[in-house]
1. Which residues, taken from the stretch 1-21, are in a loop (DSSP other than H, G, I, E, B), of a type outside the set (S, T, N, Q) and closer than 22 Å to D55 by Cα?
2. Could you tell me whether I120 is of a type in the set (A, V, I, L, M, F, W, C), at pLDDT below 95 and either open to solvent by less than 80 Å² (accessible area, probe 1.4 Å) or in contact with a Ser or Thr (Cβ under 7 Å, 6 or more places away or on another chain) (or both)?
3. Could you say which residue among A72, A67 is touching a residue at least 24 places away in the same chain (Cβ under 8 Å), more than 16 Å from the chain's Cα centre (by Cα) and either open to solvent by 60 Å² or more (accessible area, probe 1.4 Å) or closer than 18 Å to G119 by Cβ (or both)?
4. Just checking, how many residues over the stretch 75-107 are within 19 Å of D29 (Cβ to Cβ), touching a strand residue (DSSP E or B) at 6+ places or on another chain (Cβ under 7 Å) and open to solvent by 40 Å² or more (accessible area, probe 1.4 Å)?
5. Sort through M113, M78, M91 and tell me the only one that's without any contact (Cβ under 8 Å) to a residue 60 or more places away in the chain and under 19 Å from S1 (Cβ atoms).
6. Could you tell me which numbered condition P43 fails, if it satisfies all but one of (1) modelled with pLDDT of 95 or more; (2) loosely packed, with under 15 Cβ neighbours inside 10 Å?
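The values are calculated or read from the model by the stated rules, or taken from the named source; none is laboratory data. As the structure is a prediction and not an experimental result, all values here were calculated from the model. Using ideal geometry, Cβ is built from the backbone for each residue, glycine included, and neighbour counts are taken over all protein chains shown. We work out accessible area using only protein heavy atoms, side chains counted, and drop any ligands, DNA or RNA first. Shrake-Rupley method; radii C 1.70, N 1.55, O 1.52, S 1.80 Å.
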Amino acid sequence: SNEFQGADWSYDIPPTIGASFIGRNQRSDRYWETTSYVRVYDPPHVFAWNVGDPDLPSAQWRFEIEAIGGHARLRHAMVIGPGIGGTARDMQDNPDEANVILRRRRGQLQENMELTIRGIKTDAESAD
């Protein structure tokens, strides 16, 4: 991803449902940190987390891996909301530009998710 700068677990415990971590992100126009909460932890199949409020997240993220023959399928998904995050605040503050803001952010997210998947694929194939 072009914007994900890293993350650290909030406490020195192994990942479990409810565990939290602090993520660091940066784009040319801003830097921000978020607290995320693990919602699903089923290694090596699923890792999912909510950003911000665990029950009303500003975003929901998920990785799923599935064995298919001698290969693996990795899925990476993201949902904005239902809580309010940076994109929603920008849209509220600039209602005349809301559609442009959302379209731009969706494009940034898609590009970064594709970069992340390609990076994981490269790392996995080089580990063989």
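1. From the stretch 1-21, those in a loop (DSSP other than H, G, I, E, B) are 1-3, 10-19; that's our starting set.
Going one step further and asking which of them are of a type outside the set (S, T, N, Q), we end up with 3, 11-15, 17-19.
Listed by number, the residues that qualify are Y11, I13, P14, P15, I17, G18, A19.
2. Numbers: of a type in the set (A, V, I, L, M, F, W, C): yes; at pLDDT below 95: yes; either open to solvent by less than 80 Å² (accessible area, probe 1.4 Å) or in contact with a Ser or Thr (Cβ under 7 Å, 6 or more places away or on another chain) (or both): yes.
Judged against the criteria, I120 is a match.
3. On the way: A67 fails: touching a residue at least 24 places away in the same chain (Cβ under 8 Å).
Exactly one of A72, A67 is touching a residue at least 24 places away in the same chain (Cβ under 8 Å), more than 16 Å from the chain's Cα centre (by Cα) and either open to solvent by 60 Å² or more (accessible area, probe 1.4 Å) or closer than 18 Å to G119 by Cβ (or both), namely A72.
4. The number of residues fulfilling the criteria is 1.
5. On the way: M113 fails: without any contact (Cβ under 8 Å) to a residue 60 or more places away in the chain; M91 fails: under 19 Å from S1 (Cβ atoms).
Answer to the selection: M78.
6. For P43, the exception is condition (1).
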